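The values are calculated or read from the model by the stated rules, or taken from the named source; none is laboratory data. This structure is a prediction, so every number in the text was calculated from the model and none was measured. Methodologically, a virtual Cβ is constructed for each residue, glycine included, from the backbone with ideal geometry; neighbour enumeration extends over all protein chains shown. Accessible surface is based on the protein model in full, side chains and every heavy atom, while ligands, DNA and RNA are left aside. Shrake-Rupley method; radii C 1.70, N 1.55, O 1.52, S 1.80 Å.
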Amino acid sequence: SVAMAEGEGLVSVDYEVSGKVQGVFFRKYTQREAKRLGLVGWVQNTSHGTVQGQIQGPTTRVRELQEWLRKVGSPQSCISRAEFSNEKEIAALEHKEFQILK
């Protein structure tokens with residue numbers, strides 16, 4: 001499904017989302033949205049109450065998930081901030097799927 005974004009580069013970006021994002025199925029919904037967009041990477045809860053991870057895929061799709069992480073999230077979540085870092089172009093995807101890490 002990634003191949004259909006022909007001529008478009010792949011990017012990798014790390015993210016961390018703050019707010020009421022634990023105990024509200026945030027990871028499950030993030031995985032579902034990422035899969036819908038054909039993206040790979042991971043998501044996990046942190047010990048300090050945030051959710052973090054990495055997204056990889058075609059730039060426009062990655063931007064869509066970034067917007068989703070910034071504004072939507074899971075139905076019961078309340079996002080106060082979404083931060084993105086370490087964005088870079090990649091030659092190939094470094095993950096096979098989008099995983100929930102414990």
Positive-end residue, the chain charge dipole about Cα centroid, Cβ charges, pick of N45, S85, L69: N45
Taking the Cα centre of the chain as the origin, how large is its charge dipole in debye, to the nearest 20, when only Lys and Arg (+1) and Asp and Glu (-1) carry charge on their Cβ atoms? 520
For the chain, what is the accessible area per residue in Å² when the probe is 1.4 Å? 57
Going by alpha carbons, how many degrees (0 to 90, nearest 10) lie between the helix axis of 26-36 and the longest principal axis of the chain? 20
Add +1 for every Lys or Arg and -1 for every Asp or Glu among the other residues with Cβ under 12 Å from the Cβ of R61, and state the total. -1
Using label points projected 7 Å from each Cα along Cα→Cβ, tell me how many nm separate K96 and K35, to one decimal. 1.5
At a probe size of 1.4 Å, how large is the accessible area of E87, to the nearest 10 Å²? 90
How many percent of DSSP beta bridges within region 10-92 run antiparallel, rounded to 5? 100
Expressed in angstrom and rounded, the centroid-to-centroid distance over alpha carbons for region 18-41 and region 59-102 is 8
First compute the accessible area of region 2-102 with a 1.4 Å probe, then give the percent of it belonging to carbon and sulfur atoms. 48
Can you work out ³J(HN,Hα) from phi for every residue in region 50-58, in order, using Karplus 6.51 cos²θ - 1.76 cosθ + 1.60 and θ = phi - 60°, giving whole Hz and x for Gly and Pro? 10, 10, 9, x, 9, 10, 9, x, x
Lysine pairs in the chain with alpha-carbon atoms under 23 Å apart, 8 or more places apart or on different chains: how many are there? 13
